[in-house]
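Participant: The following block contains the structure, expressed as structure tokens.
Coordinate-derived values only; no laboratory data. Quick caveat, the model's predicted, so the values are computed rather than measured. All Cβ positions, even for glycine, are placed from backbone atoms using ideal geometry, and neighbour counts span all protein chains on display.
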Amino acid sequence: MSWVFFSAQTLMALTNRKVEISDTRYEIVKLMNTIVDSETGLRGYLLTGSVQFLEPYKRSAKETSLLFSNIKSREEDFTRFKPSLIALDKLIQEKSNIIKSTLRIQLTAGSYSPHLTLSADASKTLMDKIGVEINQLDKIMQEEAELVDVKLSLTINRLKLGSLIVVILIITILLINYKRTIWLFEHASSSQELAEEFGYLAMHDALTHLPNRRNFEQYLKKSISQANRHWQKVGLLYMDLDGFKLINDQYGHDIGDDALIGSVAKINEVLRDSDFLARIGGDEFALVVHNFNDPKELLVLANRIIQALKTPVMTIEENDVLMGISIGIAIYPDQVKNVKELITAADEAMYKAKATGKNQAVFHA
């Protein structure tokens with residue numbers, strides 16, 4: 001029966017090795033996710049200037065450093081790690097230097113400076129190289145796991161006629177590995193969800209949850225391209241709230257934010273599902289309209305928006321808070337020939353609406 005005892009010891013050792021491999025693979029997968037999370041957080045900050053992205057970026061960068069240290073500490077257990085770890089360490093340091101340099105430039109150059117494109121290209125190249133090295137580490141772990149599985153199979157075959165303790169050990173092995181596999185993929189999934197959340201924040205206004213200026217510009221370009229293919233028109237309504245500054249001055253910015261949210265809710269009530277509303281500035285909004293034949297339809301829609309804001313957007317201490325809106329309208333391709341001209345024409349028409357009495361809609365002449 002000594003062979004049974006020896007095989008059981010071997011089985012336990014292989015089980016521990018399998019657990020160690022699973023833990024290391026989990027940390028390797030999470031390392032890639034934290035690097036992606038850090039990049040996403042930084043990119044969100046550079047694109048929007050919102051400091052809410054800096055905390056996730058800093059947290060992910062700290063986790064990246066900790067995970068890499070943990071993986072590196074297993075270098076003696078997995079000797080094949082060394083070349084990839086050396087390369088990965090160098091790449092992570094290089095990426096850290098690029099991030100620090102980009103943040104320094106951001107403080108003086110702003111969110112729309114050329115450094116965004118340059119840093120994006122450099123970061124993409126580094127991310128590709130980092131991905132290659134991390135995939136190599138994971139491949140090594142897979143090969144180690146397959147080797148352990150072969151040894152486990154041989155040991156289990158020797159124990160087929162063994163005692164009940166062997167059966168318990170086998171069940172334990174399967175259970176441990178099943179739980180750790182589920183755990184691994186749950187954590188990978190949560191990191192992916194976090195990256196998607198950052199992506200949403202980078203393209204939407206944090207207060208109103210409307211698409212932001214960058215999202216609007218991309219959507220408008222796509223709409224113009226589709227209109228060209230299908231011989232359709234695109235209407236653009238540039239809108240600026242009347243009286244918003246007075247509300248901020250009289251009641252404070254918190255009430256001003258609530259008034260903005262209330263105004264958006266009233267505007268949304270009169271829009272169609274196909275209309276695209278975005279917040280492009282403090283109290284400025286843009287509305288992209290499809291599926292119309294007569295310019296009068298745009299004027300009808302603009303007047304519906306004006307009428308909707310004639311009712312109070314909120315009430316403070318029994319006082320109704322009212323908000324007006326000035327709207328400029330331009331049409332592609334009837335009045336302009338490209339995206340830039342369309343935005344300029346609608347913007348100029350909006351300022352004309354303000355200059356000639358406010359709370360009205362004016363077509364681009």
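Participant: Pop a pseudo-label 7 angstrom from the Cα along the beta-carbon direction at both residue 143 and residue 337 and give the gap in nm to one decimal.
Facilitator: 6.1 nm
Participant: Highest first, please rank the peptides 146-153, 315-322 by the mean number of other Cβ atoms sitting within 10 Å of their residues.
Facilitator: Final packing ranking: 146-153, 315-322.
Participant: Sort 56-66, 230-240, 252-262 by the packing proxy (mean of other Cβ within 10 Å over each peptide's residues), most packed first.
Facilitator: Descending mean neighbour count gives 230-240, 56-66, 252-262.
Participant: 5 Å is the cut-off here: which amide hydrogens, built 1.01 Å from N in the peptide plane, fall below it relative to residue 242, excluding neighbours closer than 5 in sequence?
Facilitator: Close amide H contacts, sequence-distant or interchain: 324, 325, 326.
Participant: Output ³J(HN,Hα) for region 66-83: one whole-Hz value per residue in order, computed from phi by the Karplus curve 6.51 cos²θ - 1.76 cosθ + 1.60 with θ = phi - 60°, and x for Gly and Pro.
Facilitator: 5, 5, 5, 5, 5, 5, 5, 5, 9, 4, 5, 6, 10, 5, 6, 5, 3, x
Participant: A follow-up question, please. From the phi of every residue in region 301-310, what ³J(HN,Hα) in whole Hz does the Karplus formula 6.51 cos²θ - 1.76 cosθ + 1.60 yield, where θ is phi - 60° and glycine or proline is x?
Facilitator: Using θ = phi - 60°, the values come out as 5, 4, 5, 5, 5, 4, 5, 4, 7, 7 Hz.
Participant: Taking each pair of different alpha-carbon atoms in region 312-357 once, compute 1/r for the pair, average those values, and report the inverse of that mean as the Kirkwood hydrodynamic radius in Å to one decimal.
Facilitator: About 12.5 Å, per the Kirkwood formula over Cα pairs.
Participant: Report, largest value first, the span of the C-alpha coordinates of region 226-305 along each principal axis, in whole Å.
Facilitator: 48, 21, 18
Participant: Got a sec to turn the phi values of region 26-34 into Karplus ³J(HN,Hα) couplings, 6.51 cos²θ - 1.76 cosθ + 1.60 with θ = phi - 60°, whole Hz, x for Gly and Pro?
Facilitator: Residue by residue, region 26-34 yields 4, 5, 5, 4, 5, 4, 4, 5, 5 Hz.
Participant: What does the charge add up to near residue 341, with Lys and Arg as +1, Asp and Glu as -1, over the other residues with Cβ less than 11 Å from its Cβ?
Facilitator: 0
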